[in-house]
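These notes are about the structure you will find just below.
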Amino acid sequence: MLRADRITLFGYSLPQSDIVMAGILESGHGTSGRRWQDMNPATDGICERVEMLGGPTEPSERLHVFREERCVEEYARILCARASGEVVRQEQNLKVMEGGCSDPMTVTWSIGGKLVNRRVEAITPGPGSRVTVVTDGDAAFNVAVHDGQPSARDLVASLREATGLVAQVDVGQQAPVVGLSAANFDDPNAVPLPNLNPAGQLLH
């Protein structure tokens, strides 16, 4: 708590009667510029109580109160967008050597609680500096990569001016890419290639 740069409250309105939690939050605030977020449609008085604990006021832009009925979903959307932007920054910083990173990519979808690898068929620019990787529409089975499939080099090149990355199946379902891992398949000498991990679950 002392080193946290963000405090997020889910359905908790900081009641004045909870002196234990108030003491923890107050002692941990110090003079840092940490941000506060509150997910609760019933937010009456929350801003005043945060300020009483030494936290920011809402006009300071360091206190964000999600008052919508579906506020948790909205917060999850914001987190996914933030994670997607971080993946883009990681890719933009990759050093692609001449002749390297030619291995094809895969996307790992979550389908019915199982992780399924799908090959990337295309990389397309989208609205708002967003890049979309389109995966094949085969049934929910792991698929092999093939020659001519977009490579890690192609992905890095497409993300030079991008701010977001989205994965899409060819039937149109989309999810922001929120994770990046490496896989070599069965070749121990292969260059580690991006394995993109979208948020959410792909349903059939």
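The values are calculated or read from the model by the stated rules, or taken from the named source; none is laboratory data. Owing to the predicted nature of the structure, the values given are computational and were not obtained by experimental measurement. Here the Cβ positions follow ideal geometry from the backbone for every residue, glycine too, while neighbour counts run over all protein chains shown. Just so you know, the surface numbers come from the protein's heavy atoms only, side chains and all, with ligands and any DNA or RNA stripped out. Shrake-Rupley method; radii C 1.70, N 1.55, O 1.52, S 1.80 Å.
Please determine whether any residue of region 65-83 is at pLDDT below 80, of a type in the set (Asp, Glu) and surrounded by 15 or more Cβ atoms within 10 Å (Cβ to Cβ). Checking region 65-83: not a single residue is at pLDDT below 80, of a type in the set (Asp, Glu) and surrounded by 15 or more Cβ atoms within 10 Å (Cβ to Cβ). In the condition set (1) at pLDDT 75 or above; (2) open to solvent by 20 Å² or more (accessible area, probe 1.4 Å), CYS101 is compliant with all but (1). Scanning region 17-57 for residues that are open to solvent by 60 Å² or more (accessible area, probe 1.4 Å) and either at pLDDT 80 or above or under 22 Å from ASP5 (Cβ atoms) (or both) yields SER17, ILE19, VAL20, MET21, ILE24, GLU26, SER27, THR31, ARG35, GLU48, GLU51, MET52. Restricting attention to region 158-169, which residues are surrounded by fewer than 18 Cβ atoms within 10 Å (Cβ to Cβ) and either within 14 Å of VAL120 (Cα to Cα) or in contact (Cβ under 8 Å) with a residue 60 or more places away in the chain (or both)? Result: ARG160, THR163.
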